[in-house]
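*Asks:* Can you read through this structure? Questions will come right after.
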Amino acid sequence: MYKKMFEIRRFEEKVFELYAQNLVPGTIHLYAGEEAIAVGVCSNLRKDDYITSTHRGHGHCIAKGAELKRIMAEILGKKTGYCKGKGGSMHIADFNVGMLGATAVVGAGLPIAVGAGLSIKLRGTDNVVACFFGDGASNQGTFHEAINMAAIWKLPVIFVCENNVYAMGTRQSTVMLVENIADRAIAYGIPGVAVDGNNVLTVYEAAQKAVERARTGQGPTLIECKTYRHKGHSRIDPAKYRPKEEVEEWLRKDPIKRFKEKLLQPNTLLETEIRQIEKEVLTKIEEAVKFAIESPHPFAEEALEDVYA
Amino acid sequence: MRKITYKEALREALREEMRRDPTVFLLGEDIGRYWGGAFKVTKGLVEEFGDERVRDTPISESAIIGAAVGAAITGTRPVAEIMFGDLTALAMDQIANQAAKIHYMFGGQVKVPLVIRTPFGAGVNIAAHHSQSLEAWFMHVPGLYVAVPSTPYDAKGLLKTAIRGSNPVFFCEHKLLYPMEGAVPEDEYTVPFGVADVKRKGSDVTIVATLYMVHEALSVAKGLEAEGISVEVVDPRTLAPLDKHTIISSVKKTGRLVVVSEDCKTAGVSAEIAATVAEEAIDYLDAPIKRVAEPDTPIPFSPPLEQYVIPNEKSIIKAVREIA
């Protein structure tokens with residue numbers, strides 16, 4: 001899990017760097033700071049389980065096992081990217097690893113996850129679906145419609161709310177009166193649990209229970225993971241709406257730093273082992289960057305392809 | 001050949017496809033056990049296929065279509081019913097941003113074999129929220145196919161094609177057509193998308209019409225024959241893909257075009273068809289193109305008001321006479 005978390009962090013830092021060099025068209029929404037959630041949840045999933053993702057989706061892709069080089073190529077708008085350059089940073093999918101795609105409409109992934117859960121039930125397999133979304137999405141109508149539907153049909157879906165306190169610049173407390181989004185689960189008659197989203201072991205345990213519940217036909221769970229993004233909403237956002245003390249406090253709770261400290265306790269991993277893992281990750285990321293930069297752009301006329309199957 | 005209603009034809013298509021392919025399933029509000037759909041299209045199917053495959057849903061249009069999208073990209077073939085076409089507005093993100101774009105946006109990685117059935121059309125005094133014809137909204141979204149069957153034969157054949165396909169299909173039905181009878185063979189057949197049907201041959205004027213307006217146009221054609229005006233009626237059957245070739249060939253022959261559609265005139269179905277002919281075949285036209293469509297108003301309730309806005313034989317005849 002440490003390796004995956006570190007991989008996401010360094011990947012995002014690299015994306016930020018490439019953006020600054022004008023190599024990334026459009027915008028980017030970085031996952032840095034929230035790594036424990038994607039990794040803690042996806043470590044409980046099999047390759048043939050599904051996830052749905054959001055505009056802040058690079059971390060989900062990596063955690064579910066998508067290839068770094070093809071993610072990076074997509075972010076750079078290259079033909080070798082997962083979506084042949086048609087999706088970009090906000091729309092990466094890898095159906096080979098059950099990553100059903102990132103939607104950039106806030107809250108739109110929830111009903112789609114329900115549909116994947118319904119399909120699992122109808123086909124009689126024992127897969128599960130993890131559905132990632134943010135605190136902002138929990139104010140969409142689709143949140144209500146989808147969770148209710150999954151609940152009444154006992155579908156194998158794990159609703160994972162990544163509560164990073166701000167929906168763009170809007171603070172959670174100004175747009176909802178409940179402190180825990182997990183409490184909303186009561187309205188649907190399903191378990192709701194709020195956990196420290198910056199502690200990968202806590203997230204892992206909560207997801208483990210929810211996955212077990214889903215896989216054994218007992219229905220969905222809502223897990224709220226309290227977290228914080230290290231950067232602004234998107235590339236153009238300096239996030240001045242966040243008090244300095246708040247940012248500093250959350251940076252102290254950095255999920256990777258905390259997990260590393262835990263791992264360095266006696267009888268777990270040695271510093272040298274961690275360094276080795278980090279080294280391997282950095283090499284892999286350099287390879288991904290090289291692959292993405294050297295890959296060709298799609299031909300302009302390819303814009304007309306793939307509208308229909 | 002035996003005659004069955006449009007509604008029965010749709011039901012036959014659903015039944016046959018569900019028997020043929022176990023991954024086909026239906027979902028929608030009140031389509032199952034108690035109602036069999038507000039217009040009874042799915043009546044009786046729950047008895048044969050059970051509640052799992054004929055699935056009653058909460059009143060959650062966005063989740064109905066979203067769930068259908070999620071199911072379609074993971075190995076099943078959902079057919080979702082939205083009780084009235086007007087209510088597709090509630091599910092517009094899932095239809096236009098998700099279903100229609102997933103294949104393209106993800107670089108062709110996955111197919112979205114999804115059918116959304118819904119009735120359009122005015123004429124039964126149920127006012128502004130249950131009477132609209134919104135086909136043009138969906139024609140405007142690349143990635144969707146739009147079917148507009150006007151007869152029981154076309155309804156069954158097009159629905160089968162829709163269910164077997166690899167793309168999201170927005171399947172428009174019409175309230176006034178449900179009880180209408182027509183010849184439907186008992187043997188297996190399908191109707192391909194993008195192939196218009198010349199419902200009546202003629203040489204003086206081409207009328208392109210869809211859904212219920214096909215029947216109004218056919219009545220007009222019959223009436224005008226006595227006056228020596230020969231009208232050809234072309235039914236596109238699908239608006240996306242649109243069979244431009246058949247429409248233009250007809251216009252080349254007659255030199256005159258009237259487009260009849262029940263939706264609002266501005267930026268509507270008739271506008272698109274008229275523009276296509278103007279762009280690609282203007283040299284063959286001997287008169288200006290005429291459009292007969294609803295004025296740009298919501299559908300009113302009171303019968304005289306409602307009848308005033310729906311295109312009818314009278315308004316079609318007037319348009320034909322202006323150019324014939």
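The values are calculated or read from the model by the stated rules, or taken from the named source; none is laboratory data. Note that the coordinates shown come from a computational prediction; the quantities given were computed from them, not determined experimentally. We place every Cβ from the backbone using ideal geometry, glycine too, and count neighbours over all the protein chains shown. Note: accessible area is taken over every heavy atom of the protein model, side chains too, but ligands, DNA and RNA are not part of it. Shrake-Rupley method; radii C 1.70, N 1.55, O 1.52, S 1.80 Å.
*Asks:* Using Cα centres only, tell me the gap between the range A:1-58 and the range A:83-101 in whole Å.
*Replies:* Here the answer is 13 Å between Cα centres.
*Asks:* Okay, moving on. Compute the separation of the alpha-carbon centres of the range A:199-237 and the range B:199-270 and state it in Å as a whole number.
*Replies:* Between the Cα centre of the range A:199-237 and that of the range B:199-270, the gap is 57 Å.
*Asks:* Please report the accessible area of A:Met149 (heavy atoms, 1.4 Å probe, ligands and nucleic acids excluded) in Å², nearest 10.
*Replies:* My reading of the accessible area for A:Met149 is about 0 Å².
*Asks:* Also, I was wondering about something else. Find which of A:Pro266, A:Ile112, A:Asn164 sits farthest along the positive direction of the dipole of chain A, computed with +1 on the beta-carbon of Lys and Arg, -1 on that of Asp and Glu, about the Cα centre.
*Replies:* Among A:Pro266, A:Ile112, A:Asn164, the one farthest towards the positive end of the dipole of chain A is A:Pro266.
*Asks:* Ordered by residue, what ³J(HN,Hα) values in Hz, to whole numbers, does the range B:180-191 give under the Karplus form 6.51 cos²θ - 1.76 cosθ + 1.60, where θ = phi - 60° and Gly and Pro are x?
*Replies:* Karplus values, whole Hz, x for Gly and Pro: 6, 8, x, 6, 9, x, 7, 6, 4, 7, 9, 10.
*Asks:* Can you give the accessible area of B:Val309 in Å² (nearest 10), computed on protein heavy atoms with a 1.4 Å probe?
*Replies:* Near enough 10 Å² of accessible area.
*Asks:* Same structure again: Of B:Met213, B:Met105, B:Met139, which has the largest mean-square fluctuation in a 10 Å C-alpha GNM of chain B?
*Replies:* Ranking B:Met213, B:Met105, B:Met139 by mean-square fluctuation puts B:Met105 first.
*Asks:* When the chain is fully extended, how far beyond the present Cα-Cα distance does A:Glu280 get from A:Glu212, taking 0.36 nm per residue of separation? Display every interim value, and only then the final one.
*Replies:* Details: separation 68, 0.36 × 68 = 24.48 nm, distance 3.23 nm.
Extra length from A:Glu280 to A:Glu212 when fully extended: 21.2 nm.
*Asks:* Could you order A:Phe159, A:Phe299 by accessible surface area, starting with the largest, using a probe radius of 1.4 Å?
*Replies:* Numbers: A:Phe159 0, A:Phe299 145 Å².
In descending accessible area the options line up as A:Phe299, A:Phe159.
*Asks:* Still on this structure, I have one more. Which whole-number percent of Cα pairs in the range A:101-167 have a distance greater than 15 Å?
*Replies:* Everything past 15 Å amounts to 47 percent.
*Asks:* Residues in the range A:227-244, backbone N under 18 Å from the label point at A:Lys262 (7 Å along the Cα-to-beta-carbon vector): list them, ranges by number please.
*Replies:* A:227-228
*Asks:* In the range B:102-123, which residues become less accessible by 30 Å² or more once every protein chain is in place, relative to the chain on its own, using a 1.4 Å probe?
*Replies:* Those are B:His103, B:Tyr104, B:Met105, B:Phe106, B:Gly107, B:Gln109, which lose 30 Å² or more relative to the chain on its own.
*Asks:* Name the residues of the range A:137-170, by number, that are at least 30 Å² less accessible with every protein chain in place than in the isolated chain; the surface is that of heavy atoms, probe 1.4 Å, without ligands or nucleic acids.
*Replies:* Those residues are A:Glu145, A:Met149, A:Trp153.
*Asks:* Give me the distance in nm between label points sitting 7 Å out from Cα along the Cα-to-Cβ direction at A:Asp126 and B:Ala226, one decimal.
*Replies:* 7.4 nm
*Asks:* Right, next: Quick one: which residues, 5 or more positions from B:Glu232 or on another chain, have an amide H under 5 Å from its amide H? H modelled 1.01 Å from N in the peptide plane, none for Pro or chain starts.
*Replies:* B:Gly202, B:Ser203, B:Asp204, B:Val205, B:Thr206, B:Ile207
*Asks:* Sticking with this one: In terms of modelled amide H atoms, which long-range or inter-chain residues lie less than 5 Å from the amide H of B:Thr238?
*Replies:* Close amide H contacts, sequence-distant or interchain: B:Val148, B:Gly194, B:Val195, B:Asp243.
*Asks:* For the protein assembly as shown, with all protein chains present and a 1.4 Å probe, just round the carbon and sulfur fraction of the accessible area to a whole percent.
*Replies:* Ligands and nucleic acids excluded, carbon and sulfur reach 54 percent.
*Asks:* Top mean-square fluctuation among A:Ile181, A:Ile277, A:Ile223, Gaussian network model of chain A, C-alpha springs under 10 Å?
*Replies:* Greatest mean-square fluctuation among the candidates belongs to A:Ile277.
*Asks:* Can you tell which of A:Asn139, A:Asn164, A:Asn22 shows the greatest fluctuation in a Gaussian network model of chain A with Cα springs below 10 Å?
*Replies:* Of the options given, A:Asn22 has the highest mean-square fluctuation.
*Asks:* Still on this model: Take the alpha-carbon centre of the range A:266-288, take the same for the range A:142-176, and report the distance between them in whole Å.
*Replies:* Their Cα centres are 35 Å away from one another.
*Asks:* Still on this structure, I have one more. Can you tell me, using C-alpha contacts under 8 Å and at least 6 residues apart, the relative contact order of the range A:51-161 as a whole percent?
*Replies:* 27 percent
*Asks:* Restricting to DSSP H runs of at least four residues, report the calculated mean residue ellipticity at 222 nm for chain A, -39500 (n - 2.57) per run over all residues, nearest 500 deg cm²/dmol. Please report the intermediate quantities before stating the final value.
*Replies:* Details: 11 runs with 131 residues, N = 309.
The per-residue figure over chain A is -13000 deg cm²/dmol.
*Asks:* For chain B, what is the accessible area per residue in Å² when the probe is 1.4 Å?
*Replies:* Value returned for chain B: 37 Å² of accessible area per residue.
*Asks:* Go through A:Ala38, A:His91, A:Val289 and say which Cα lies farthest out towards the positive end of the charge dipole of chain A; charges sit on Cβ, +1 for Lys and Arg, -1 for Asp and Glu.
*Replies:* Value: A:Ala38.
*Asks:* Let me ask something additional. Cα extents of chain A along the three principal axes, largest first, in whole Å?
*Replies:* The principal-axis extents, from largest down, are 54, 51, 40 Å.
*Asks:* Once a ≥ b ≥ c are taken as the square roots of the eigenvalues of the Cα gyration tensor of the range B:1-51, is the result rounded (a/c under 1.5), prolate (a/b larger than b/c) or oblate (a/b not larger than b/c)?
*Replies:* oblate
*Asks:* A further question follows. May I ask you to derive the relative contact order of chain B, considering only C-alpha pairs under 8 Å and at least 6 residues apart, and to give it as an integer percent? Spell out each step's value before the answer.
*Replies:* Working: 727 pairs, mean separation 52.7, N = 324.
Across chain B, relative contact order equals 16 percent.
*Asks:* Also, I was wondering about something else. Just by accessible area at a 1.4 angstrom probe, what is the order of A:Tyr31, A:Tyr308 from largest to smallest?
*Replies:* A:Tyr308, A:Tyr31
*Asks:* What percent do you get for the relative contact order of the range B:3-183 when only Cα pairs under 8 Å and 6+ apart count?
*Replies:* Numbers: 371 pairs, mean separation 49.5, N = 181.
Computed over the range B:3-183, the figure is 27 percent.
*Asks:* Direction-averaged shadow area of the convex hull around the Cα atoms of the range B:116-184, nm²?
*Replies:* Averaged projected hull area, Cα only: 4.9 nm².
*Asks:* Got a sec to turn the phi values of the range B:136-144 into Karplus ³J(HN,Hα) couplings, 6.51 cos²θ - 1.76 cosθ + 1.60 with θ = phi - 60°, whole Hz, x for Gly and Pro?
*Replies:* 5, 3, 7, 4, 7, 10, x, x, 9
*Asks:* Consider all pairwise Cα distances in the range B:197-323 and report the whole-number % of them above 27 Å.
*Replies:* Numbers: 970 of 8001 pairs.
Percent of Cα pairs beyond 27 Å in the range B:197-323: 12.
*Asks:* Can you tell which of A:Val203, B:Ala67, B:Ile229 lies farthest toward the positive end of the dipole of the protein assembly as shown, using +1 and -1 charges on the Cβ of basic and acidic side chains (Lys, Arg; Asp, Glu)?
*Replies:* Checked the options; the winner is A:Val203.
*Asks:* Go from 0 up to the bin containing the longest alpha carbon distance in the protein assembly as shown, width 10 Å each, and give me the % of pairs per bin.
*Replies:* Spelled out per bin, shortest first, that is 3, 16, 23, 22, 16, 11, 6, 2, 0, 0, 0.
*Asks:* Amide H of A:Ala194 versus every other amide H placed in the peptide plane: which residues, excluding those fewer than 5 positions away on the same chain, fall under 5 Å?
*Replies:* Residues meeting the criterion, in which the H sits 1.01 Å from N, are A:Glu224.
*Asks:* For the interface of chains A and B, what total accessible area is buried with a 1.4 Å probe, rounded to the nearest 100 Å²?
*Replies:* Rounded to the nearest hundred, the buried surface is 3200 Å².
*Asks:* Give me the one-decimal nm value for the distance between modelled label points at B:His245 and B:Ser302, 7 Å along each residue's Cα-to-Cβ direction.
*Replies:* Inter-label distance under the simple model: 5.1 nm.
*Asks:* While we're looking at this one, here's another question. Whole-Hz ³J(HN,Hα) for each residue in the range A:209-215, computed from phi via Karplus 6.51 cos²θ - 1.76 cosθ + 1.60 with θ = phi - 60°, x for glycine and proline: what do you get?
*Replies:* 4, 5, 5, 4, 4, 5, 5
*Asks:* Throw me the Rg/Rh for the range B:3-183, computed over C-alpha atoms with Kirkwood Rh, two decimals.
*Replies:* Computed over Cα atoms, the ratio is 0.93.
*Asks:* What is the extension gain from B:Ala183 to B:Asn125, computed as 0.36 nm multiplied by their sequence separation minus the C-alpha to C-alpha distance, in nm to one decimal?
*Replies:* 18.0 nm
*Asks:* Now for a different question. Where in chain A lies the longest segment free of trypsin sites (Lys or Arg not before Pro) that are both loop residues by DSSP (not H, G, I, E, B) and have at most 10 other Cβ atoms within 10 Å?
*Replies:* A:48-239
*Asks:* Rounded to the nearest 10 Å², what accessible area does A:Thr202 show when all protein chains are kept and the probe is 1.4 Å?
*Replies:* Near enough 40 Å² of accessible area.
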